[in-house]
Amino acid sequence: MTRISSPATSSKHASERGRPREFDIDEVVRSAGRVFWEHGYHATSIEELCKATGLLRGSLYGAFGDKRGVLIAALDRYADGAVARLKERLEADLPPSEALRQGLLYYTRVASELSGRHGCFITNAVLELLPAEEELRPHIEAALQRLAAQFAAAVVRGQKAGKFNPTLDEQSVGQFLLCMVQGLRVLGKVDVKEAQLVAVVEMTMRALL
């Protein structure tokens, strides 16, 4: 748990003025990320972020610099979780090809439940903010490449097990799989049935043979 301090400013606590007020930075980033995820960057106000995190405006600015800084921290946190969860699924105690298949099917289950919901935080940020917000580009690109690297590693394991075509370039396949799962997340927002998305996964797995 990471904690940082900010000056207390409330008149109700005059006796505590000047003393540092501690808060859990990880919890603040999680709460702020949820607001951005639900409403988007431009539609989210500083007041909404203060309400969600329980911080005063000065504390929020002191910790993150500005609204964009809060978003970057939230995106980085979301990316860390997404990469860790994908890695765990792809390295499950299964034959490598089945681990990849199950990892991809996870996205069909998630995507089929996305109609009327908020989609992927990273994908949403790409669609809303790039190319205008160049400061975000390295963070978003790094997150996507980390996901692609996990897929590439899964392909290599499948090749070593003799299940996937050994002539396939794992980096190219990793990018291909990244494109595919991001497409699943977008399709899920228009109420595509899970069976249709599963068919896409099965076609993808055949392409690796």
* **Summed side-chain charge close to Leu130 - residues other than Leu130 whose Cβ falls under 15 Å, Lys, Arg +1, Asp, Glu -1** => -3
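What does the charge add up to near Gly33, with Lys and Arg as +1, Asp and Glu as -1, over the other residues with Cβ less than 10 Å from its Cβ? The partial results should precede the final answer.
Numbers: positive: Arg30, Arg34, Arg77; negative: Glu38, Asp76.
So the environment of Gly33 carries a net charge of +1.
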* Asked: lysines near Lys51 by alpha-carbon distance under 30 Å, same-chain residues fewer than 8 away left out - which ones?
  -> Lys12, Lys67, Lys189
* Structure fact -> Straight-line reach check, Lys163, cutoff 18 Å on alpha carbons, 8 or more apart in-chain or any other chain, hits among aspartates and glutamates -> Glu91, Asp93, Glu98, Glu202
* Mean separation of Cα contacts under 8 Å (6+ apart) over length of the stretch 76-209, as relative contact order % -> 38
* **Qualifying trypsin sites (Lys or Arg not before Pro) in the stretch 128-209, DSSP loop, other Cβ atoms within 10 Å at most 12** => Lys193
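Throw me the Rg/Rh for the chain, computed over C-alpha atoms with Kirkwood Rh, two decimals.
On the way: Rg = 20.6 Å, Rh = 19.0 Å.
Rg/Rh for the chain comes to 1.08.
No lab work stands behind these numbers, since they all come straight from the coordinates. No experiment lies behind these values; they were computed from the predicted model shown. Backbone-built Cβ (ideal geometry, glycine too); neighbour counts: all protein chains shown.
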